[in-house]
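Colleague: One structure coming up, written as structure tokens, with questions to follow.
Every number in this text was worked out from the coordinates using simple rules, so none of it is lab data. Here the structure is a predicted model, which means the values were calculated and not measured. For neighbour counting, all protein chains shown are included, and Cβ atoms are generated from backbone atoms with ideal geometry for every residue, glycine included.
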Amino acid sequence: MMRLRFAAMVLACCFGAAITADDKKPDDKKPGKLDPAKLPGKWKVVEGMKSGEKYEGKGTALAEITKDKISFADGDAKFVFGYKVDLEKTPVQIDLEILEPEGLKGTKAPGILKLEGGKLTLAYHAAMGTRPEKFESTKENGIHLFVHEKVETKKDEPKK
């Protein structure tokens, strides 16, 4: 009888420890949590809106993201942004500042971003307006909204 009680106590302690350990899992497993390590790389624009109008571009729109810069090119249009991300806000906030071209250097664009289902969505106000609260581009709000998909490079492919 004593062994049975002892075994029950051990199981209860182990089960309780498992529940406690499970409760302390990191928040990065929650849906919608952005992992900044997944941002660097090349991203093609698959969908875009500027102030509520569809972004046509040249069909070659590509963003290359490093740990502190975003380079965007589409045909002759080329921009380089410095950026900072605030992961504590919901949605995640991004502050962009144009580094190139020289004529626009220092222009700031507050925005938001999310990474879901392999797609990176960025919404920002290009004219130094207020930060968007949701991923929506209308003529009235003046928000630019771009959806990107990561471009796989040969070094990303598994070795055979």
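Colleague: If the Cβ limit is 6 Å and pairs must be 6+ apart or interchain, which residue in region 33-54 that is closer than 11 Å to VAL151 by Cα pairs with which residue that is among the basic types (Lys, Arg) and not in a loop (DSSP other than H, G, I, E, B)?
Modeller: Sorted first by the residue in region 33-54, then by its partner, the pairs are GLY41/LYS150; TRP43/LYS150.
Colleague: Let me ask something additional. Of (1) surrounded by 10 or more Cβ atoms within 10 Å (Cβ to Cβ); (2) acidic (Asp, Glu); (3) over 26 Å from LYS33 (Cα atoms); (4) touching a residue at least 60 places away in the same chain (Cβ under 8 Å), GLU140 satisfies all except one. Which?
Modeller: With respect to (1) surrounded by 10 or more Cβ atoms within 10 Å (Cβ to Cβ); (2) acidic (Asp, Glu); (3) over 26 Å from LYS33 (Cα atoms); (4) touching a residue at least 60 places away in the same chain (Cβ under 8 Å), GLU140 is out only on (1).
Colleague: Out of all the residues in region 97-114, which are within 13 Å of the chain's Cα centre (by Cα) and either more than 19 Å from LYS150 (Cα to Cα) or part of a loop (DSSP other than H, G, I, E, B) (or both)? Break it down into steps so the answer makes sense when it comes.
Modeller: Here is the first cut: in region 97-114, the ones within 13 Å of the chain's Cα centre (by Cα) are 111-114.
Scanning region 97-114 gives a single hit, GLY111.
Colleague: Do you know which of the residues in region 143-153 that are touching a residue at least 60 places away in the same chain (Cβ under 8 Å) and part of a loop (DSSP other than H, G, I, E, B) is surrounded by the fewest Cβ atoms within 10 Å (Cβ to Cβ)? Show your work before the answer.
Modeller: Kept after step one, since they are touching a residue at least 60 places away in the same chain (Cβ under 8 Å), are these residues of region 143-153: 143-151, 153.
Adding the requirement that they be part of a loop (DSSP other than H, G, I, E, B) leaves 151, 153.
On the way: VAL151: 13, THR153: 9.
That would be THR153.
Colleague: Among the residues of region 115-140 satisfying the criterion of being touching a strand residue (DSSP E or B) at 6+ places or on another chain (Cβ under 7 Å) and assigned to a strand (DSSP E or B), which is farthest from VAL80 (Cα to Cα)?
Modeller: Of everything passing the filter in region 115-140, LYS119 is farthest from VAL80 (Cα to Cα).
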